[in-house]
Amino acid sequence: MVTRHEAATLGVAALLAILGGLGVRTARQAGPSAPDWFTAPAVVFRIDVNSADAPTLGLLPGIGPSKAAEIVGCRLSRGRPFERVEDLDEVKGIGPVLSRRLAPHVRFGPCASAVPTGSPPSPSSPSPR
């Protein structure tokens, strides 16, 4: 007589054999080769190189704390905003290969120091005397 446990084991083994014959692989068998229908997720963030602080820049691929600090330092010392990804080649430790790797993850807005911090007085506010 077959016990419940043995029957369940045989059922699972039969199911795996059927699925294997259909070309279905378990996660352990799949390994590094993913199915053809699987694609990596799209880029979900873009960081503004001209206004981000060092910890935010450190989220970029290939950029650690020291390169992030170099980007901020270069941004401040050059006196003008970065305008395109090739401008990042001026930063110590960043070359053409890393620049291309960063391209989908960065954007270039106006330099944070060039943006006025105060707003003009609204027409409804009383003028100072």
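Summary of values
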read-out: Only one of 18, 94 that is β-branched (Val, Ile, Thr) and either in a strand (DSSP E or B) or modelled with pLDDT of 90 or more (or both); value: 94
read-out: Neighbours by Cβ (under 9 Å, 6+ apart or cross-chain): first from the stretch 49-76, at positive phi; second in a loop (DSSP other than H, G, I, E, B) and crowded, with 20+ Cβ neighbours inside 10 Å; value: 62/94
read-out: All positions within the stretch 63-91 that are β-branched (Val, Ile, Thr), part of a helix (DSSP H, G or I) and either crowded, with 19+ Cβ neighbours inside 10 Å or touching a Lys or Arg at 6+ places or on another chain (Cβ under 8 Å) (or both); value: 71, 85
read-out: Considering residues of the stretch 46-62 that are in contact with a His (Cβ under 7 Å, 6 or more places away or on another chain) and more than 13 Å from residue 72 (Cβ to Cβ) only, the residue surrounded by the fewest Cβ atoms within 10 Å (Cβ to Cβ); value: 61
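The values are calculated or read from the model by the stated rules, or taken from the named source; none is laboratory data. Note that the structure is predicted; figures quoted are calculated from it, not measured. When we count neighbours, we look across all protein chains shown, and the Cβ atoms used for this are built from the backbone with ideal geometry, even at glycine.
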